[in-house]
Amino acid sequence: MEEKRMRWRGDRQSTNVEDRSGSSRRPVGKMATGGGLGVILIAVIFFFISGGDLSTVTDTLGGGITPATYETENVASKEYTEQKEFAAVVFAHLEDYWKQEFDARNETYQNPKLVLFTDSVNSACGQATSQVGPFYCPADQNVYLDLSFADELSTKYGATGDYAMAYVIAHEVGHHVQNQLGITNQLDKIRKRVSETEYNQYSVRLELQADYLAGCFSKYLAGQTYQGQPIIEEGDIEEAITAANAIGDDTLQKEYQGYVVPDSFTHGTSQQRVDWFKRGYKYGDLEHGNTFNEKKLDLATAA
Ligand SMILES: [Zn+2]
């Protein structure tokens with residue numbers, strides 16, 4: 001499949017982005033400071049004068065006898081900068097879209113924040129590693145994202161193309177919208193009085209609704225232009241669908257444990273995720289996205 005590029009370069013970037021990524025993702029340019037060699041020379045000279053007592057040298061120099069002092073310059077790689085700017089542009093479009101939707105309902109939309117991290121991060125929902133994938137924390141209203149997830153999407157799940165990543169971000173912001181609408185809160189109350197298996201059913205509905213909301217956003221974006229050109233095209237939507245299909249619980253379980261346990265589903269099957277995303281893309285309103293009222297979550301068979 002030919003990879004579609006979303007039109008985003010130069011477009012507005014959200015200012016609600018916090019970069020907490022470590023240097024492991026940002027190749028560091030090393031630059032020796034002026035005094036480097038001087039320190040060694042003094043150390044060597046002192047070593048001879050003091051009769052070989054290195055501890056004296058260390059004390060005298062205060063900072064020890066490290067051969068040279070390096071000043072680390074945080075130069076982000078080009079690839080990282082691109083991914084970050086892309087995410088910030090998608091986030092800005094999400095802000096515009098959800099503000100417009102909430103305005104139409106006479107409600108106030110509060111922007112979430114996008115926190116970029118590498119390896120692990122501290123959120124109000126606890127410490128998390130990149131392994132858990134992108135997530136939204138209702139307690140601090142932040143979307144947490146390790147940008148390397150884009151590579152994972154393409155190499156591990158075969159979901160290539162930039163819109164696959166845009167879908168993932170839109171899904172997480174979908175969770176923020178659910179939080180703003182009070183849905184997350186209602187579910188928290190339910191969680192306390194039902195079994196885990198039962199709660200998983202609610203969790204699936206919450207996840208599918210976030211996919212639906214990502215579909216709504218995609219419909220909106222498909223109608224937007226940047227510098228006279230459409231921002232996304234049909235091929236971009238296909239990329240999102242491929243991603244939704246790839247990260248369904250049944251697909252992941254089959255891949256990782258070789259069999260499927262429907263009771264433990266928390267995100268829905270691949271088919272369900274694709275169906276609800278497509279439904280959002282079709283209607284683009286909040287009214288058709290009540291996954292909690294639907295008896296049947298398989299839309300393809302329900303029509
Ligand atoms: Zn989710």
>> Please list, in order along the range 287-293, the HN-Hα scalar couplings obtained from phi with the Karplus expression 6.51 cos²θ - 1.76 cosθ + 1.60 (θ = phi - 60°), rounded to whole Hz, x for Gly and Pro.
In response: 5, 8, x, 7, 5, 6, 8
>> Using the Karplus curve 6.51 cos²θ - 1.76 cosθ + 1.60 with θ = phi - 60°, what ³J(HN,Hα) values do you get for each residue of the range 86-100, in whole Hz, with x for Gly and Pro?
In response: 4, 4, 5, 6, 4, 4, 5, 5, 5, 4, 4, 5, 6, 5, 4
> Highest mean first, what order results for 213-221, 194-202, 151-159 on Cβ atoms within 10 Å?
Replying inline: 213-221, 151-159, 194-202
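Please list R5, R20 in order of solvent-accessible area, largest first, computed with a 1.4 Å probe with all protein chains present. Mind showing how you got there, number by number?
On the way: R5 125, R20 95 Å².
Final ranking, largest accessible area leading: R5, R20.
Largest first, what is the accessible-area ranking of Y283, Y226 with a 1.4 Å probe?
Details: Y283 85, Y226 40 Å².
In descending accessible area the options line up as Y283, Y226.
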> Could you give the nm distance between label points at A139 and T15, where each point is 7 Å from its Cα heading toward the beta carbon?
Replying inline: 2.9 nm
> To the nearest 10 Å², what's L252's accessible area with a 1.4 Å probe?
Replying inline: 40 Å²
> lysines near K156 by alpha-carbon distance under 28 Å, same-chain residues fewer than 8 away left out - which ones?
Replying inline: K4, K78, K84, K113, K219, K254, K278
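The values are calculated or read from the model by the stated rules, or taken from the named source; none is laboratory data. All values reported here derive from a predicted model rather than from experimental measurement. Cβ sites come from the backbone with ideal geometry, for glycine too, and all protein chains shown count toward neighbours. Note: areas computed on protein heavy atoms with side chains; ligands, DNA, RNA excluded. Shrake-Rupley method; radii C 1.70, N 1.55, O 1.52, S 1.80 Å.
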